[in-house]
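Please read the structure below before turning to the comments.
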Amino acid sequence: MEHAQEDEACLEQTQKYHVERPIYNQELLDERYDFFSPFVLYKYLTFFFLLSIFSCSSKKAKSHLYSFIPILKWLPRYPVKEYLLGDIISGISTGVMQLPQGLAYALLAAVPPVFGLYSSFYPVFLYTFFGTSKHISIGTFAVISMMVGGVAVRVVPDEMVSMDYNSTNVTDMLASRDAKRVQVAVTLALLSGIIQLCLGLLRFGFVAIYLTEPLVRGFTTAAAVHVFTSQLKYLLGVKTNRYSGPLSVVYSIAAVLSEITTTNVASLIVGLTCIVMLLIGKEINLRFKKKLPVPIPMEIIVVIIGTGVSAGMNLTDSYGVDVVGNIPKGLRAPKFPEIRLIPTIFVDAVAIAIVGFSMAVSMAKIFALKHGYTIDGNQELIALGICNSVGSFFQSFPVTCSMSRSLVQESTGGKTQIAGTLSSIMVLLVIVAIGYLFEPLPQTVLAAIVMVNLKGMFKQFGDVAYFWRISRIELAIWVVAFVASLFLGLDYGLLTAVTFAMITVIYRTQSPQYRILGQIPDTDIYCDVEEYEEVKEHPGIKIFQANTSLYFANSESYMSALKKKVSKANSFICVWGGRGSTLKKYWLSLSCVCLLSQTNDVEAGVKHEIANEELPVNGQFTSVDDSVQDRSPDELEYFMEPKTNVHSLILDFTPVNFVDSVGAKTLKSIIKEYKEVGVCVYIAGCSGPVMNELTRLNFFENTVTRDLLFHSIHDAVLACHVKDSSASQTASDL
């Protein structure tokens, strides 16, 4: 009792609103409030729009310049006292991390390590001027480097070089192979940069939305497996070919296993030692990240120790450990990439451009949301395009944002792009001054750095359980992206995953939820009659809703679902009977009917008829005995006409975002068919864009007028009641 009183008190305190207005259909609404067509508006504004494009005031030119070169806007306002110290610490920490990663990821890209240093300097420096994110670290990244290496190995395979290492010209042949692979990688950087730049200038930053999170995570997990597999031969010190394309993972593993007996024990020991040190260092950084002023730079520590041990023990000559080798001192002169390679690598360049942009913009959005500023996706495309295309002239391969370095740059106090500039300057010092010191560095150390940095990506296998709980469709996207990228290669795998993700969108629109709505008493709120007990349907009025747009892929299912839902209330009952039938037979027959029927109204009607010992015959009710005796032996079926006649059908178009020509024809067909059987069809909640599409598709003609459209479901329901009462009054007058 007390709870009931509390509920009543809460209801009394609930805010209410009361609106009194006419019932509006679309025609009346347009007339009363002076509807102005957007097509007419377009005609009037076209001239002014073109004029605004070709006219350029000083203020507008300044705005465009600031948006194209963002550093001009934020650098003059840079608070030196507040930001400089944090940017310096962050820049040094990131630079220390960028140096070994540049060397390591060059191996993934199938180019000599020094080109990883070039790729860690030029693009990073350029991003300072054109980027809008304050925290991401541009440079080499495992996934992109792996994609570049796959293309380089496919275009310039190892078969071009004899595997006879006793030959006197092997060194020259290897140098020739590496030079050709560098040309491929550099041309990829130019082409992918041009693609990104064009997409940014054309405001196509939205293309990243097609790389949904499950797709990206499944793709990067497969890429991590590719990367790990490619580093096994460096860790073990075995000599195998590098594979690309479909089943390259299988071939790589098979090649390593076939040469497992030739494992270089010294390389394996050094590599495993480095892996243990890196894992311990990362665990310490993770556990004490709040207490440590800056993370322990374990990667550069491992590089220094590995270089010192290799030089001191002469691992190359004594134990045959492969090392980095020659690192040229100084920067290279600009050189134009090989244009003739563009037709061969164009598709790969598109994939690299899209994946690179997706990685960068996703990380940039995370940091922007965390620190309360905004980024421009189109400008990020332009910035990456400039970094890659300009960097290609200075022998750098494609780059993007690195997750691990970005986290370090943000966590160590970085505030602006100045931190990235300082990290690139540190790499520059290594290139022009002390790069030769890293020549004895064992390649197994770089392999260890790459493998440990894949730890975060391998944790993404946990996504399987997560997506299993929340969405089976997203799980399917993840699995398809992973499996396709693993076995078909990263390029074809990405294409397959994007195609499958788009198919899932079509599948969802082809398999929507169809509902019949009813009214919550004394409100203008309409809900699914199967979900709420108190929801009531209006007699003779059916309200149909589908949570999808109406177009060619689902128009047929829309019409069949509509007929199925509406026919539940009007379905006839077939009763089997004949001479000698008894009440028991009718009871069994009607019981079957009750089980088959899905509506409460039919069940209630059947029970009422049995209680009165009457059955419907051609719409008339008669007693059981009369119905049995008056029927001839040949008459075996009886039909009951609809108990409740539907005179109005309302289509809720609130969830509809667009309608194409097939959908418009389907809608016309629905209106025509129901009109022939005396049912008026109304459309409620039709949005402005959908209205404009219907107008453009010549939907409103003699048979369909705007007075069939209503702004809300409640308007349409009230109009149906008014029309029904008028028809009843006319019938009674007659």
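Some observations on this one:
Quick grid of which residues meet (1) under 30 Å from L718 (Cβ atoms); (2) of a type in the set (A, V, I, L, M, F, W, C); (3) at pLDDT below 85; (4) in contact with a strand residue (DSSP E or B) (Cβ under 9 Å, 6 or more places away or on another chain):
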{"position": "E537", "(1), (2), (3), (4)": "yes, no, no, yes"}
{"position": "Q545", "(1), (2), (3), (4)": "yes, no, no, yes"}
{"position": "S555", "(1), (2), (3), (4)": "yes, no, no, no"}
{"position": "L562", "(1), (2), (3), (4)": "yes, yes, no, yes"}
{"position": "K568", "(1), (2), (3), (4)": "yes, no, yes, yes"}
{"position": "S571", "(1), (2), (3), (4)": "yes, no, yes, no"}
{"position": "V575", "(1), (2), (3), (4)": "no, yes, yes, yes"}
{"position": "K585", "(1), (2), (3), (4)": "no, no, yes, yes"}
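- Condition check for K415: among the basic types (K, R) and part of a loop (DSSP other than H, G, I, E, B): yes
- Any chance W468 is at pLDDT 90 or above and surrounded by 24 or more Cβ atoms within 10 Å (Cβ to Cβ): no
- Among the candidates S396, S362, residue that is part of a helix (DSSP H, G or I) and either of a type in the set (S, T, Y) or at positive phi (or both): S362
- Candidate set: the stretch 120-144, residues that are under 23 Å from G306 (Cα atoms) and among the polar types (S, T, N, Q); chosen: the one farthest from the chain's Cα centre (by Cα): S120
- Residue selected from the stretch 234-254 under the condition free of Cβ contacts under 8 Å to residues at least 24 places away in the same chain and touching a helix residue (DSSP H, G or I) at 6+ places or on another chain (Cβ under 8 Å), by the criterion farthest from Q443 (Cα to Cα): S252
- Residues (under 34 Å from the mean Cα position of the chain (by Cα) and among the hydroxyl-bearing types (S, T, Y)) located in the stretch 414-456: T416, T421, S423, S424
- Pairs where the first residue, in the stretch 538-567, is in the same structural domain as V722 (by TED's automatic domain parsing) and part of a loop (DSSP other than H, G, I, E, B) and the second is surrounded by 16 or more Cβ atoms within 10 Å (Cβ to Cβ) and among the charged types (D, E, K, R), C-beta under 7 Å, 6+ apart: G540/D724; Y551/D660; F552/D660
- All positions within the stretch 647-691 that are small (G, A, S) and either surrounded by 14 or more Cβ atoms within 10 Å (Cβ to Cβ) or under 17 Å from A546 (Cβ atoms) (or both): S648, S661, G663, A664, S669, A684, G685, S687
- Sole exception among (1) under 30 Å from V19 (Cα atoms); (2) touching an Asp or Glu at 6+ places or on another chain (Cβ under 9 Å) for I449, by number: (1)
- Pick from the stretch 498-528, criterion part of a helix (DSSP H, G or I) and touching a residue at least 60 places away in the same chain (Cβ under 8 Å), ranking: surrounded by the fewest Cβ atoms within 10 Å (Cβ to Cβ): M502
- Criterion violated by I88 - all others in (1) assigned to a helix (DSSP H, G or I); (2) buried (at least 22 other Cβ atoms within 10 Å of the Cβ) satisfied: (2)
- Taking the stretch 629-734 as the region of interest, the strands (runs of 3 or more DSSP E) fully inside it that hold 1 or more residues being modelled with pLDDT of 80 or more and not hydrophobic (A, V, I, L, M, F, W, C) are 648-652, 680-684.
- Number of the condition not met by I434 [criteria: (1) over 30 Å from P295 (Cβ atoms); (2) free of Cβ contacts under 8 Å to residues at least 40 places away in the same chain; (3) among the β-branched types (V, I, T); (4) assigned by TED's automatic domain parsing to the domain that holds T94]: (1)
The values are calculated or read from the model by the stated rules, or taken from the named source; none is laboratory data. This structure is a prediction, so every number in the text was calculated from the model and none was measured. Glycine gets a Cβ as well: all are built from the backbone with ideal geometry, and neighbour counts include every protein chain shown.
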